[in-house]
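Structure, as structure tokens:
The values are calculated or read from the model by the stated rules, or taken from the named source; none is laboratory data. A quick note: this is a predicted structure, and the numbers were derived from the prediction, not measured. Cβ placement follows ideal geometry from the backbone for every residue including glycine, while neighbour counts extend to all protein chains displayed. Each accessible area value is taken on the protein alone, full model and side chains, heavy atoms only, with ligands, DNA and RNA left out. Shrake-Rupley method; radii C 1.70, N 1.55, O 1.52, S 1.80 Å.
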There are 2 protein chains.
Amino acid sequence: MHVRALEWGPSGVLRILDQTLLPREERWLDLDRVESVAEAIRMLRVRGAPAIGVAAAMGLAASLRRSMELPRERFLQLVDASAAELAAARPTAVNLAWAMERMRRAARAAKGGGASVCAALHEEAEAIRAEDEGMCRAMGEAGQAVVDAQAHRRTGAQAQSRADARARTSHPAPRTLRILTHCNTGALATAGMGTALAVVYVAHERGVPLQVWVDETRPLLQGSRLTAWELAKAGIPHTVLPDSAAASLMAALEVDLVLVGADRIARNGDTANKVGTYPLAIAARHHGIPLYVVAPSSTFDPACPDGAAIPIEQRAGAEVTRPFGVPIAPEGSPVFNPAFDVTPALLVSGWITERGVLGPPFD
Amino acid sequence: MHVRALEWGPSGVLRILDQTLLPREERWLDLDRVESVAEAIRMLRVRGAPAIGVAAAMGLAASLRRSMELPRERFLQLVDASAAELAAARPTAVNLAWAMERMRRAARAAKGGGASVCAALHEEAEAIRAEDEGMCRAMGEAGQAVVDAQAHRRTGAQAQSRADARARTSHPAPRTLRILTHCNTGALATAGMGTALAVVYVAHERGVPLQVWVDETRPLLQGSRLTAWELAKAGIPHTVLPDSAAASLMAALEVDLVLVGADRIARNGDTANKVGTYPLAIAARHHGIPLYVVAPSSTFDPACPDGAAIPIEQRAGAEVTRPFGVPIAPEGSPVFNPAFDVTPALLVSGWITERGVLGPPFD
């Protein structure tokens with residue numbers, strides 16, 4: 001079973017697991033102010049494109065309870081201002097803007113004063129949370145077509161490469177499927193079992209033998225800190241590696257499939273995801289290894305024609321030069337620290353969504 | 001001017017700058033025991049393929065002074081045993097084995113007892129050091145052909161892409177050449193001005209405007225800790241980035257040339273270098289950006305037919321999971337931590353050596 005990133009706390013507050021402290025400490029935070037929810041998103045206490053959309057929705061509903069005595073129009077203005085503040089906390093993930101837009105609409109659609117609009121906001125936030133949870137499982141299940149195709153392909157490849165006579169029989173023993181992943185796309189990134197990792201969790205439930213290669217994912221190490229922690233909790237075999245060692249594994253024929261998440265997908269399929277996804281996609285293509293993006297519908301942005309139109313968040317240089325407060329570069333060295341990169345659609349084998357495995361154009 | 005990695009200390013000891021403490025502290029260590037020289041090499045207090053060959057030679061000569069009263073045969077046995085111990089400190093770099101073999105031969109060629117063999121060892125170690133220093137400059141100068149070709153190509157490309165009429169005149173203003181590099185291949189990696197960075201230093205001396213993109217180089221961060229420190233000391237403009245952000249720079253047309261070092265080069269040109277070089281070479285090829293390997297003759301191993309024959313050192317998982325003693329992955333997560341990877345010759349544009357720009361076969 002998988003862990004959880006967030007839940008409703010007592011009397012409707014947003015409760016999140018502070019991911020900046022993992023894997024050393026599991027500390028839950030109760031949030032019920034717009035500023036503290038925005039801070040948690042900005043500081044990556046809650047992160048992962050789907051999770052920040054859900055957290056912002058739940059946090060918005062939780063925060064506005066204290067203002068529910070306001071008259072309708074004043075309350076709606078407050079909804080708009082608060083939603084805008086939360087949407088601005090991180091610019092790249094489209095889910096966040098999408099969730100805030102949905103909350104604004106739910107507020108306008110509700111009748112009555114602050115109290116009833118507030119109740120509608122809670123209902124909408126819970127709907128967004130529950131839908132995300134359901135979409136995670138649906139993505140995990142949709143991905144099994146890819147898992148089965150790769151497991152099959154791999155059985156053939158192993159039989160050939162290792163001259164293993166047993167595998168050449170018509171009923172070979174199940175082989176370990178070696179999946180490489182980047183960043184954290186699991187339960188910690190969503191309100192459910194994850195996006196790319198949902199495919200791993202469902203395959204594990206089905207008894208597919210797995211080995212997960214976990215890119216550590218510099219600079220913030222979401223792979224080693226979060227993905228390895230999740231997989232260890234779930235009892236799924238995994239190995240952590242520096243991002244730059246992934247190509248060595250590919251060259252050694254140790255990777256069957258690459259699964260990554262997404263923060264925004266343009267209409268033509270160009271995909272923004274955690275920095276390091278693009279070089280991984282180039283290397284996967286170089287080695288003939290399929291790479292699939294796993295993401296819910298809310299990650300697709302039909303208003304965005306292609307990757308060039310996706311804003312890429314630049315983060316503080318200290319993430320690179322002062323990890324854990326330790327200075328590892330000379331004072332004052334300039335830093336290039338984009339949070340994301342864009343993988344052109346041509347390097348992606350397919351997009352696994354809650355509606356199945358799709359391809360562009362995404363209208 | 002560049003910094004120094006090592007020098008002769010008082011009364012012939014080996015003096016090295018402890019690179020594990022950079023950039024926070026500049027501490028010099030005086031070494032005159034085989035075990036402490038081997039420890040310094042194993043722990044990367046001195047690192048870089050050329051520098052560890054030089055350090056082992058100087059350290060061997062320095063350490064054996066205390067045994068110079070031994071009779072000839074006993075002394076020669078001690079030379080062999082000590083050289084073998086030092087050669088085993090790191091398995092991938094061929095320079096180390098090459099330097100130890102050279103020292104063994106010099107010992108055998110010397111006449112007389114321990115004292116005169118010891119004097120010959122000092123002479124040979126100094127010759128190895130001085131040759132390395134000279135080869136660094138020669139490589140730096142040989143690389144200017146590549147610098148000029150890229151600077152020229154870049155001027156044309158910029159004129160085209162930016163429609164800059166001024167650059168279309170027959171005498172365009174000099175443009176900044178953007179060089180991306182990995183790991184540390186500078187003065188800290190050699191007894192001179194470096195290998196790949198020697199090309200940068202000489203270009204800087206010649207007044208070529210430069211921007212150096214410095215891969216931080218996980219897990220041990222030789223890029224941010226050492227290369228950025230060297231370049232800052234030399235006043236050369238540079239920017240540090242996570243290894244996984246290099247491809248984003250390439251896609252944004254911000255890289256003109258990739259320069260890397262080497263730890264061992266097979267006869268067919270397959271090149272072992274710091275892990276992360278191979279994915280960089282794949283990405284450079286994908287973007288049509290030239291990648292040159294810069295290395296002295298001692299890095300070429302004609303006894304090694306191709307990359308498959310190069311032993312790849314696996315290092316401790318804690319380098320990945322406990323940087324600076326901070327646990328960043330769950331206890332017990334397995335780790336894949338190869339120190340090097342192999343870049344196939346086909347992905348290398350050329351090999352810059354002290355004898356010029358060469359191509360395989362290297363006999």
**OP:** Would you mind listing the distances between the A:Ser67 label point and the same position in each other copy? Use 7 Å along Cα-to-C-beta, nm, one decimal, shortest first.
**Re:** 8.0
**OP:** At q = 0.27, 0.28 Å⁻¹, work out log10 I(q)/I(0) for the stretch A:289-345 with the Debye formula, treating every Cα as an identical point scatterer and leaving solvent out; two decimals please.
**Re:** -1.14, -1.19
**OP:** Express the carbon and sulfur contribution to the solvent-accessible surface of the protein assembly as shown as a percent, rounded to the nearest whole number, probe 1.4 angstrom.
**Re:** 54
Original post:
Taking the label point as lying 7 angstrom from Cα along the Cα-to-Cβ axis, what are the distances from A:Gly207 to the corresponding position in the remaining copies, in ascending order and in nanometres?
Top reply: 7.6
**OP:** Name the residue, out of B:Arg137, B:Arg42, B:Arg315, whose mean-square fluctuation peaks in a Gaussian network model built on chain B with Cα pairs under 10 Å.
**Re:** B:Arg315
**OP:** Would you mind getting me the FRET efficiency between A:Arg24 and A:Glu123? Use the beta-carbon distance for r and R0 = 45 Å, nearest 0.05.
**Re:** 0.80
**OP:** Using only C-alpha atoms and all pairs of different ones, pull out the Kirkwood radius for the protein assembly as shown in Å with one decimal.
**Re:** 27.4
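Please identify the trypsin sites (Lys or Arg not before Pro) of the stretch B:167-267 that satisfy two criteria: DSSP loop assignment and at most 15 other Cβ atoms within 10 Å. Which are they?
When the trypsin sites (Lys or Arg not before Pro) of the stretch B:167-267 are filtered for loop state and at most 15 Cβ neighbours within 10 Å, B:Arg206 remain.
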Subject >> Estimated buried accessible area (total), pair A and B, 1.4 Å, Å² to nearest 100 >> reply: 3700
Subject >> Proportion of all alpha-carbon pairs of the stretch A:244-363 beyond 25 Å (%) >> reply: 34
Original post:
Rounded to whole Å and sorted largest first, what semi-axes of the equivalent ellipsoid does the C-alpha gyration tensor of chain B yield via the square root of 5 times each eigenvalue?
Top reply: 37, 22, 19
Original post:
Volume per residue, Å³, of the convex hull around the alpha-carbon atoms of the stretch A:1-83?
Top reply: 95
Subject >> Shielded residues, the stretch B:271-307 - accessible-area loss of 50 Å² or more between chain alone and all protein chains, probe 1.4 Å >> reply: B:Tyr278, B:Ile282, B:His286
Original post:
Which residues of the stretch B:183-216 show a drop of at least 30 Å² in accessible area when all protein chains are present, compared with their chain alone (probe radius 1.4 Å, heavy atoms only, ligands and nucleic acids excluded)?
Top reply: B:Glu216
Original post:
In whole Å, what is the distance between the alpha-carbon centres of the stretch B:1-72 and the stretch A:193-267?
Top reply: 41
**OP:** Springs between alpha-carbon atoms under 10 Å, Gaussian network over chain A: tell me which of A:Glu123, A:Glu230, A:Glu25 tops the mean-square fluctuations.
**Re:** A:Glu25
**OP:** Note down the Stokes-Einstein diffusion coefficient of the stretch B:49-97 in µm²/s, whole number, using a Kirkwood radius over alpha carbon pairs, 10 °C, and 1.306 mPa s.
**Re:** 142
**OP:** For the stretch B:164-316, restrict the atom set to alpha-carbon positions and state the Rg and Dmax in Å.
**Re:** 16.1, 56
Subject >> Other copies of A:Pro361: label-to-label distances in nm, shortest first, labels 7 Å along the beta-carbon direction >> reply: 5.5
**OP:** Could you tell me how many degrees, from 0 to 90 and to the nearest 10, lie between the Cα long axis of helix A:114-142 and the main elongation axis, the longest principal axis, of the Cα atoms of chain A?
**Re:** 0
Original post:
Which residue, A:Ala109, A:Ala55, A:Ala99, tops the fluctuation ranking in a GNM of chain A built on C-alpha contacts under 10 Å?
Top reply: A:Ala109
Original post:
Once both labels are modelled 7 Å past Cα along the beta-carbon direction, what's the B:Arg72-A:Ala130 spacing in nm?
Top reply: 9.4
**OP:** Roll a 1.4 Å probe over the protein chains and send me the accessible area per residue for chain B in Å².
**Re:** 36
**OP:** Just tell me how shielded B:232-240 is by partners: mean number of partner chain Cβ atoms within 10 Å of each residue's Cβ, no decimals.
**Re:** 3
